[in-house]
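Student: This is the structure I have questions about; it appears just below.
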Amino acid sequence: MILASRNDHKVRELGEMLPGVDLRPLPDEVPSPVEDGDSFADNALIKARSAREATGEAVVADDSGIEVEALGGRPGVRSARYAGEDATDAENLGKVLKEAAEAGGSRRARYVCVIALIDEAGEEHLFEAACEGELLEEPRGDGGFGYDPAFVPDATGPDDRRTMAEISPAEKNAISHRGKAAEMLAAHLAGRD
């Protein structure tokens, strides 16, 4: 199955969550589509449809990001390029932390993930999940990627203040937005949904 991404983190992370599925990155010769949807579902389907059209194979695509309450849900679907088209994870995170500090108020945030599957028959399926938590003022930890160093998930419990970048990959996969959406996808692929 093709994952409509060349992001090594995503291919590895999603591959770990889908045991028994041979997940391959988008071939280099396939152009990446413009992700101009208004929702995570829109962007996941744009990527999945483009990869399906180019390869003719079953494909999965995900779109995910963080929504910060104090920022009215931003960066949302623009999470990967919040500080600009070629921004690094550190630049995106820095911009969010600066804007959240300026906005004041709630530090609540949530990661959202939508996985789109276009199966061998060409049928489209969507799997959506979220991971609620809190945005810290300063990043901590060197695991994960994206906004992980500043996000403390609720799911680890009220006394656990570790960020997503400080928990183990197995812990993260069990509670993350992508992990939950992948669980739904795995159940669907196994005929358990």
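Student: Name the residues in region 41-69 that are free of Cβ contacts under 8 Å to residues at least 12 places away in the same chain and either under 27 Å from Asp142 (Cα atoms) or assigned to a loop (DSSP other than H, G, I, E, B) (or both), would you?
Tutor: Gly56
Student: Please give the strands (runs of 3 or more DSSP E) falling wholly within region 70-181 in which 3 or more residues are in contact with a helix residue (DSSP H, G or I) (Cβ under 8 Å, 6 or more places away or on another chain).
Tutor: On the way: elements: 108-118, 124-135, 151-153.
The strands (runs of 3 or more DSSP E) meeting that bar are 108-118, 124-135.
Student: While we're looking at this one, here's another question. Among the candidates Gly72, Gly84, Gly144, Gly94, single out the residue that is farther than 28 Å from Leu23 by Cβ, at pLDDT below 95 and not basic (Lys, Arg).
Tutor: Working: Gly72 fails: at pLDDT below 95; Gly144 fails: farther than 28 Å from Leu23 by Cβ; Gly94 fails: at pLDDT below 95.
Being farther than 28 Å from Leu23 by Cβ, at pLDDT below 95 and not basic (Lys, Arg) holds for just one of Gly72, Gly84, Gly144, Gly94, which is Gly84.
Student: Of the conditions (1) in a loop (DSSP other than H, G, I, E, B); (2) out of contact with any Gly (no Cβ under 8 Å at 6 or more places or on another chain); (3) of a type in the set (Gly, Ala, Ser); (4) in contact (Cβ under 8 Å) with a residue 24 or more places away in the chain, Gly191 satisfies every one except a single condition; which number is it?
Tutor: (4)
Student: Just one of the numbered conditions (1) in contact (Cβ under 8 Å) with a residue 60 or more places away in the chain; (2) surrounded by fewer than 18 Cβ atoms within 10 Å (Cβ to Cβ) is not true of Arg140; which one?
Tutor: The one condition Arg140 does not meet is (1).
Student: Let me ask something else about it. Quick check: is even one residue across region 44-59 closer than 19 Å to Gly179 by Cβ, out of contact with any Phe, Trp or Tyr (no Cβ under 7 Å at 6 or more places or on another chain), at pLDDT 95 or above and open to solvent by less than 30 Å² (accessible area, probe 1.4 Å)?
Tutor: In the first step, residues of region 44-59 are kept if they are closer than 19 Å to Gly179 by Cβ; the result is 44.
Keeping just the survivors that are out of contact with any Phe, Trp or Tyr (no Cβ under 7 Å at 6 or more places or on another chain) gives 44.
Imposing the further condition that a residue be at pLDDT 95 or above reduces the set to 44.
Next, from what is left, pick out any that are open to solvent by less than 30 Å² (accessible area, probe 1.4 Å): 44.
Yes - at least one qualifying residue is present in region 44-59.
Student: Any residue at all in region 59-82 that's over 17 Å from the mean Cα position of the chain (by Cα) and more than 19 Å from Ala130 (Cβ to Cβ)?
Tutor: First, pick out the residues of region 59-82 that are over 17 Å from the mean Cα position of the chain (by Cα): 69-72.
Filter once more, so that each one left must be more than 19 Å from Ala130 (Cβ to Cβ): none.
Looking for residues that are over 17 Å from the mean Cα position of the chain (by Cα) and more than 19 Å from Ala130 (Cβ to Cβ), one finds none in region 59-82, hence no.
Okay, residues lined up against (1) of a type outside the set (Phe, Trp, Tyr); (2) farther than 21 Å from Gly72 by Cβ; (3) surrounded by fewer than 16 Cβ atoms within 10 Å (Cβ to Cβ):
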{"position": "Gly84", "(1), (2), (3)": "yes, no, yes"}
{"position": "Val112", "(1), (2), (3)": "yes, no, no"}
{"position": "Leu126", "(1), (2), (3)": "yes, yes, no"}
{"position": "Asp148", "(1), (2), (3)": "yes, yes, no"}
{"position": "Phe151", "(1), (2), (3)": "no, no, no"}
{"position": "Ser176", "(1), (2), (3)": "yes, yes, no"}
{"position": "Ala181", "(1), (2), (3)": "yes, yes, no"}
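Student: Within region 114-124, can you find the residues that are surrounded by 18 or more Cβ atoms within 10 Å (Cβ to Cβ) and either under 30 Å from Leu93 (Cβ atoms) or among the small types (Gly, Ala, Ser) (or both)? Don't jump to the end; show me each part of the working.
Tutor: Initially, region 114-124 is screened for residues surrounded by 18 or more Cβ atoms within 10 Å (Cβ to Cβ), giving 114-118.
Answer for region 114-124, where residues must be surrounded by 18 or more Cβ atoms within 10 Å (Cβ to Cβ) and either under 30 Å from Leu93 (Cβ atoms) or among the small types (Gly, Ala, Ser) (or both): Val114, Ile115, Ala116, Leu117.
Student: Now, a different point. Let me confirm something: among Ser32, Ser39, which residue is of a type in the set (S, T, N, Q) and farther than 22 Å from Lys180 by Cα?
Tutor: Details: Ser39 fails: farther than 22 Å from Lys180 by Cα.
From the options Ser32, Ser39, the qualifying one is Ser32.
The values are calculated or read from the model by the stated rules, or taken from the named source; none is laboratory data. Quick caveat, the model's predicted, so the values are computed rather than measured. Because the Cβ atoms are built from the backbone with ideal geometry, glycine has one as well, and the counts that use them run over all protein chains shown. These area figures cover heavy atoms from the full protein model, side chains too; ligands, DNA and RNA do not enter into them. Shrake-Rupley method; radii C 1.70, N 1.55, O 1.52, S 1.80 Å.
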